[in-house]
Amino acid sequence: GLQNANVLETDLTPDVARWYYLSALTVDGCAELDSIYINFIPNVFASGGFSPNGDGINDYWNIEGIDDFPNNLVEVYTRWGIKVFSQKGYSNLDPNKQWDGRAGNGNDLPTGTYYYIVITNEGGYIPITGPVTIVR
């Protein structure tokens, strides 16, 4: 059986859900085939800062993987707990749904550190929190 096969170990880094197949020859020359379905579970990672100064580089806060969770909620607070940004359906693909360093009233927030919470609203994911710094 396969337990006696010379199996080559391999590292898989799946980026899409799909079937992976393994074939091997046993010591007695028989071919064995097995398969496994791997479901890719995306992760969310918020960048630690951005520079919304209008130069076209890092003008919006990037949250890697957020577009895999269209029902998300992103909120940003000052260190005193005052909410300065809230967006349902945050998207890196839509500047109207990204944070540009302004408060809800449209005024630019000063350089400094703010605190975020990202809620994916998907089962099995806990809210992600951390600091984000605005540099002007």
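The values are calculated or read from the model by the stated rules, or taken from the named source; none is laboratory data. Because the structure is a prediction, the values reported are computed rather than measured. As a convention, Cβ positions derive from the backbone with ideal geometry for all residues, glycine included, and neighbour counts pool all protein chains shown. Areas reflect the complete protein model, heavy atoms only, side chains present, ligands, DNA and RNA absent. Shrake-Rupley method; radii C 1.70, N 1.55, O 1.52, S 1.80 Å.
Over the chain, what relative contact order in percent results from Cα pairs under 8 Å that are six or more residues apart?
19
With equal scatterers on the alpha carbons only and no solvent term, can you work out the Debye log10 of I(q)/I(0) for the stretch 30-94 at 0.24, 0.26 1/Å?
-1.18, -1.25
Picking from 24, 107, 120, whose Cα lies most toward the positive end of the charge dipole for the chain (charges on Cβ: Lys, Arg +1; Asp, Glu -1)?
So the residue we want is 107.
Note down, for the stretch 14-136, the three equivalent ellipsoid semi-axes (square root of 5 times each alpha carbon gyration tensor eigenvalue), biggest first, whole angstrom.
So the three semi-axes of the stretch 14-136 are 43, 15, 12 Å.
Report the charge-dipole magnitude of the chain in Debye, nearest 20, computed about the Cα centre from +1 at each Lys and Arg Cβ and -1 at each Asp and Glu Cβ.
Here the size comes out at about 820 debye.
Ignoring ligands, DNA and RNA, please state the percent of accessible area on the chain from carbon and sulfur, probe 1.4 Å.
C and S fraction of accessible area: 51 percent.
Quick one: dipole size for the stretch 19-94, taken about the Cα centre, charges +1 on Lys/Arg Cβ and -1 on Asp/Glu Cβ, in debye to the nearest 20.
Charge dipole, the stretch 19-94, about its Cα centre: 520 debye, nearest 20.
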